[in-house]
Amino acid sequence: MLQPDRDGMLRALELAREAADAGEVPVGAVVLDAAGRVIGEGRNTREETHDPTGHAEVVALRAAAASIGSWNLEGHTLVVTLEPCVMCAGAILQARIGRVVFGAWDEKAGAAGSMYDVLRDRRLPYRAEVVGGVVEDASTALLRDFFEQRR
């Protein structure tokens, strides 16, 4: 049975592990088309690229837009291991992503329901459906282990 959200999250987790191996905060993201195929993927790259916008979501959105030749990703789903921050939520809305699926909640900086709810803010001209907690335990454990090793 096709399970694009779960399969997408498993790929995002692989990307998050790659980020951790590279010394980055372990966050991975994929963009799925309407059929559930991965058309863009990314992982955190801030430390490597010295780019403050090098978040997994932004990297994946850029790859997806390049893949289809358009910034407009309406009808697509972004799957990410950690609840998007305010910057990423803004980029998601600018790309017209219709659905966001994430693993771990971010109580300190989340912008999809934890701290803020930018993705569903009725004052904005575009909103996204949000599904949180998909493969949450694995996403949370990866982040917890990463930060525990650095303390």
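Can you give the calculated 222 nm mean residue ellipticity of the chain, where each DSSP H run of n ≥ 4 adds -39,500 (n - 2.57) and the sum is split over every residue, rounded to the nearest 500 deg cm²/dmol?
That comes out to -12000 deg cm²/dmol.
Hey, any idea what Rg/Rh is for the chain, computing Rh the Kirkwood way over Cα pairs?
Reported Rg/Rh (Cα atoms, Kirkwood Rh): 0.94.
Using only the alpha carbons, work out the radius of gyration and Dmax of the stretch 65-151 in angstrom.
Taking only Cα atoms of the stretch 65-151, I get Rg and Dmax of 13.8, 43 Å.
Using only alpha carbon pairs under 8 Å that are at least six residues apart, calculate the relative contact order of the chain and give it in whole percent.
Answer for the chain is 19 percent.
So what's the stretch 108-151 giving for Rg/Rh, alpha carbon basis, Kirkwood Rh from the mean inverse pair distance?
Ratio value, two decimals: 1.13.
Quick one: putting +1 on the C-beta of Lys and Arg, -1 on the C-beta of Asp and Glu, what dipole do you get for the chain around its Cα centre, in Debye to the nearest 20?
Roughly 400 debye, rounded to the nearest 20.
What order do ARG120, ARG150 take when sorted by accessible area (1.4 Å probe), most exposed first?
The residues order as ARG150, ARG120, largest area first.
Using R₀ = 25 Å, calculate the FRET efficiency as 1/(1 + (r/R₀)^6) where r is the Cβ-Cβ separation of TRP71 and ARG150; round to 0.05.
So the FRET efficiency works out to roughly 0.10.
Run the simple label-point estimate for HIS50 and GLU129 please: 7 Å along Cα→C-beta, distance reported in nm.
A separation of 4.3 nm, rounded to one decimal place.
Counting only GluC sites (Glu not before Pro) that are in a DSSP loop and have at most 11 other C-beta atoms within 10 Å, tell me the longest site-free stretch of the chain.
Between exposed loop sites, the widest span is 1-73.
The values are calculated or read from the model by the stated rules, or taken from the named source; none is laboratory data. Predicted, not measured: the structure shown is a model, and the values here were computed from it. Methodologically, a virtual Cβ is constructed for each residue, glycine included, from the backbone with ideal geometry; neighbour enumeration extends over all protein chains shown. SASA here: full protein model, heavy atoms, side chains in, ligands and nucleic acids out. Shrake-Rupley method; radii C 1.70, N 1.55, O 1.52, S 1.80 Å.
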